Amino acid sequence: MGIFDLFKNKEELRNSPWLTIESSEDLDKVVEESKHSKVAIFKHSTSCFISKMVLRNFEADLNKHAPEGYKFYYLDLLRFRPISNQIAEQFMIRHESPQIIVLENGAAIYKASHENINLELLP
């Protein structure tokens, strides 16, 4: 995997394990979906090298052995900062980047950021 693989755009996401969040309505659907299965939201800053490295490592693990019963969502913080702020406020979780938040039954049950983001640690 080369340095250009660290950058994600909408076309690249089309062939990845991620679903995207791009609006408040999308977030509402994700929260509703969490009532039927666990959902993980990966908040990513496309301008941050650390965030890109964490995302790449997480995706590599996800491609090897994705846990069953999860849906994975991606939020581009630079394009959709108001959505990130909404997540922080709605779930009372301080904003960090990169960050992963797991929702179940409409509530945040797990969060991690930076080097603590690890597929094996998801509940």
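The values are calculated or read from the model by the stated rules, or taken from the named source; none is laboratory data. Since this is a predicted model, take the numbers as computed values, not measurements. For neighbour counting, all protein chains shown are included, and Cβ atoms are generated from backbone atoms with ideal geometry for every residue, glycine included. Heavy atoms of the whole protein, side chains included, go into the accessibility calculation; ligands, DNA and RNA do not. Shrake-Rupley method; radii C 1.70, N 1.55, O 1.52, S 1.80 Å.
Numerical summary
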read-out	value
Matching entry among 96, 104, 115, 68 (being surrounded by 14 or more Cβ atoms within 10 Å (Cβ to Cβ) and over 14 Å from the mean Cα position of the chain (by Cα))	104
Number of the exception - residue 110 against (1) in a strand (DSSP E or B); (2) buried (at least 19 other Cβ atoms within 10 Å of the Cβ)	(2)
Set 82, 123: member being open to solvent by 30 Å² or more (accessible area, probe 1.4 Å), part of a loop (DSSP other than H, G, I, E, B), under 22 Å from residue 32 (Cα atoms) and not charged (D, E, K, R)	123
Of residues in the range 63-84 being in contact (Cβ under 8 Å) with a residue 60 or more places away in the chain and in contact with a helix residue (DSSP H, G or I) (Cβ under 7 Å, 6 or more places away or on another chain), the one farthest from residue 47 (Cα to Cα)	83
Count of residues meeting criterion [in a loop (DSSP other than H, G, I, E, B), open to solvent by less than 80 Å² (accessible area, probe 1.4 Å) and hydroxyl-bearing (Ser, Thr, Tyr)] in the range 14-64	6
